[in-house]
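The values are calculated or read from the model by the stated rules, or taken from the named source; none is laboratory data. As the structure is a prediction and not an experimental result, all values here were calculated from the model. FYI the Cβ positions are ideal-geometry reconstructions off the backbone, even for glycines, and counts take in every protein chain you see.
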Amino acid sequence: MKAKNCLIFGGSGQIGRHLIRKLTKNNYRVTVVTRNIHQKGHIIKTQGNAGYIEIVEANIFDENKIRKLIQNSHICINLIGILYEKKGSSFKNIHTLFPSILSKLCKQYNLEHFIHLSALGVSDAVESKYAKSKLDGEREILKNFSLSTILRPSVVYSVDDNFTTNFMTLLSRLPIFPLYYSGKTKFMPIHSSDLVEVIFNVISKNIYSQVIECVGSETITLKEILEKLLNLIGKKRILLPMPLFLGKLSAQIFQLFPKPLLTKDQLKLLQYDNVISGNYKTNSDIGCPAKCLFETEVEKYSSMWREGGQFAKKVNL
Ligand SMILES: NC(=O)c1ccc[n+]([C@@H]2O[C@H](COP(=O)([O-])OP(=O)(O)OC[C@H]3O[C@@H](n4cnc5c(N)ncnc54)[C@H](OP(=O)(O)O)[C@@H]3O)[C@@H](O)[C@H]2O)c1
């Protein structure tokens, strides 16, 4: 069978790197678009065998360049997303405008499939600019190109995430850790490999369900996540419920940093449970239930934050 060409935007990120490995192993050729080939080239290049990966540097709003790339592709996958706005990168541009342009081009050049990563809970979190921009992007895509599939993952974890690894770093450094909304927000964390399995199945089995919610098999509150991480790294810390006004004040300060730990918009998102809505198909419904368990997977890399490292005896606290 002739190898299909997948054009991937955001392929240098956490999910993209896992996806490139899965696709190239399974005889798909990938073209990865990055903003900076010098910075990201080696990360992308080492994810698959030579001959299977092409890397292209481009401004994602350079329509002529993107048009040429789409013309030579069978499948387009958009993994670009941001957690906070920066000069020149607004939620609207990245989550609404760009997916809208891409989906129109996919239609124009008769692509076989457009896969877009949105996020779980965007229909509920109406007050959040992040969620609104993701939801508007979804609407644009569904309007523009019927052969699109939108995946809405809960929080995604793996050894190279920005979620468990950041929390473990903060938990090992801070004696007291703030709990926003008393840590009651629920999540259904999904491992990168489980999510990539879903994307692979959507592509290889031509699954055209419009929206698929992608979740792990466990529902865990934020407080439980922090407790599990503390247990894995062998540390005791005070998890302190923080009044909302102090939460807002801290977010206001944090968002002044170049890589903010928390923004006011993220605080708004955090008040909504990040769990399946019951309104859409899930990864289990399309035959890809998550296999990984949160604690079992994180244990494999948590030793990096444990006293004494990988070979230290595990202390039960
Ligand atoms: N990770 C999660 O927990 C999670 C949960 C729910 C939804 N999602 C969604 O899943 C998708 C992939 O997530 P991820 O965690 O793999 O993302 P990521 O690692 O944060 O970033 C993906 C890539 O997007 C590109 N990018 C970032 N900002 C950009 C900008 N301003 N302009 C153009 N390109 C930009 C970067 O590629 P270059 O630097 O190479 O250009 C980056 O490597 C995103 O849409 C995200 O919103 C993720």
What pairs come out if I take residues in region 24-38 that are touching a residue at least 24 places away in the same chain (Cβ under 8 Å) and on the phi > 0 side of the Ramachandran plot and pair them with residues that are of a type outside the set (Gly, Ala, Ser) and more than 13 Å from the ligand (Cβ to nearest atom) whose C-beta lies under 8 Å away, six or more apart or interchain?
27/1
Conditions (1) aliphatic (A, V, I, L, M); (2) free of Cβ contacts under 8 Å to residues at least 60 places away in the same chain; (3) crowded, with 21+ Cβ neighbours inside 10 Å: number failed by residue 232
(2)
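Just need a number here: residues in region 235-263 that are in a helix (DSSP H, G or I) and surrounded by 19 or more Cβ atoms within 10 Å (Cβ to Cβ).
2
I'd like the full set of residues that are part of a loop (DSSP other than H, G, I, E, B) and buried (at least 23 other Cβ atoms within 10 Å of the Cβ), limited to region 101-117.
Selection gives nothing.
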Of the numbered conditions (1) out of contact with any Phe, Trp or Tyr (no Cβ under 6 Å at 6 or more places or on another chain); (2) within 9 Å of the ligand (Cβ to nearest atom); (3) within 30 Å of residue 270 (Cα to Cα); (4) without any contact (Cβ under 8 Å) to a residue 60 or more places away in the chain, residue 81 fails exactly one; give the number of that condition.
(4)
Checking the structure you have, find out if any residue of region 124-131 is among the aromatic types (Phe, Trp, Tyr), modelled with pLDDT of 95 or more and either crowded, with 22+ Cβ neighbours inside 10 Å or in contact with a helix residue (DSSP H, G or I) (Cβ under 7 Å, 6 or more places away or on another chain) (or both).
yes
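Being part of a loop (DSSP other than H, G, I, E, B) and of a type outside the set (Lys, Arg) is the filter here, so list the residues in region 80-100 that pass it.
In the first step, residues of region 80-100 are kept if they are part of a loop (DSSP other than H, G, I, E, B); the result is 80-85, 87-88, 90.
Hits for region 80-100 are 80, 81, 82, 83, 84, 85, 88, 90.
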